[in-house]
Structure formats: C-alpha cells, structure tokens
Amino acid sequence: MYDGKILLIDDQRSHLRTLKSMFKRYGCQVVTVDSAEEAELILEWNSGFDVLITDLKMPWVNGIDFCTKTKKKYPNIQIYALSGYLEQYGPNALDEAGFDGAYQKPVCFEMIEDMLNAIKKSASEIDDDS
C-alpha cells in the first residue's frame, strides 16, 4: 500500500506500539519515537523519511510547533496529526502549521487505510510535480 519510511511520534509508548503494529500489517516501514526532540535528531541524521505522523499534545515541544519547524527545514516531507484532541485546535491552526492531514484518535484499521491512501496520493502528486 505504501512502501516509504514512516516516523511515528507520540509521548505515549503504548500508543506507539499499537500504531506500529497496525501500520506494519500494511507492510509499512515504521520507526517510533516518544518526543519531538528525538524525531528532530533522527531527521537530522537520516533523510530517508517521507512521512511523519505526530501526536499534538506532547511535553516540551507540541505537534503544532514541531510541524511548523519541520516543514521549514524539510518542505517536501508529509506530516499528519494524530490526536485525541483535534477539537482543541481551530480549523486553520493545523493548516497554518503545515499539516498535510489530521486524524482523530482512537485509531482503527479503516483510519490507517485512509491515512495510507492519503499519503500515497500525496506522494504521487509530488512525484508528478518533479
């Protein structure tokens, strides 16, 4: 379905384990980290990630700030919000931060399929523009 590398960021390790196993069922290559700071380090040393999926409510650096900063540095990377608190953000806040999409927790397999389809569609549009 999608054969690129996905970096999952969530401060709840139980969520990371669940999400990783769900994405792996679809054959995805997934790396998990529990902070935006760790994700920044990984991106600095490994440019092989096409997609980031991040929680919004995390300590120290939240998902909005992380997305804004990351999009400035890596404008072609796709970033999706995955949060149980989407309603706390205005409709423009996620767009202004640069998110390519947002999904509400709790996660189900249909949502993972929708997200992977959106990722694949966006990746093919980027390829078409190249």
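The values are calculated or read from the model by the stated rules, or taken from the named source; none is laboratory data. Keep in mind it's a predicted model, so treat the numbers as computed, not measured. Methodologically, a virtual Cβ is constructed for each residue, glycine included, from the backbone with ideal geometry; neighbour enumeration extends over all protein chains shown. When the accessible area is computed, the model is the full protein with side chains, heavy atoms only, and any ligands, DNA or RNA have been set aside. Shrake-Rupley method; radii C 1.70, N 1.55, O 1.52, S 1.80 Å.
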Accessible area per residue, 1.4 Å probe, Å², for the chain: what's the number? 55 Å²
Which chymotrypsin sites (Phe, Trp or Tyr not before Pro) does the stretch 1-101 hold that lie in a coil by DSSP with at most 10 other beta carbons within 10 Å? Trp60
Given +1 on the Cβ of Lys and Arg, -1 on the Cβ of Asp and Glu, and no further charges, what dipole in debye does the chain carry about its Cα centre, rounded to the nearest 20? 380 debye
When a/c reaches 1.5 or more, the comparison of a/b and b/c decides; with that in mind, is the stretch 31-86 rounded, prolate or oblate per its Cα gyration tensor? prolate
Where in the stretch 28-130 are there trypsin sites (Lys or Arg not before Pro) that are in a DSSP coil and have at most 15 other Cβ atoms within 10 angstrom of their Cβ? Lys57
Under the definition of Cα pairs under 8 Å and six or more residues apart, what whole-number percent is the relative contact order of the stretch 48-130? 28 percent
Cα gyration tensor shape of the chain, rounded if a/c is under 1.5, else prolate or oblate by comparing a/b with b/c: rounded
Using a 1.4 Å probe on the protein heavy atoms, what percent of the accessible area of the stretch 28-123 belongs to carbon and sulfur? 52 percent
With unit charges on the beta carbon (Lys/Arg positive, Asp/Glu negative), name the residue among Met22, Cys67, Ala81 whose Cα is farthest towards the positive pole of the charge dipole of the stretch 1-88. Met22
Once fully extended, how much extra length lies between Trp45 and Thr68, figured as 0.36 nm per residue of separation less the alpha-carbon to alpha-carbon distance? 6.4 nm
Give me the net charge for the shell around Asp34: Cβ to Cβ below 10 angstrom, other residues only, Lys and Arg +1, Asp and Glu -1. -4
Between Asp3 and Glu113, the two model label points (7 Å from Cα along the beta-carbon direction) sit apart by a distance in nm of 2.2 nm
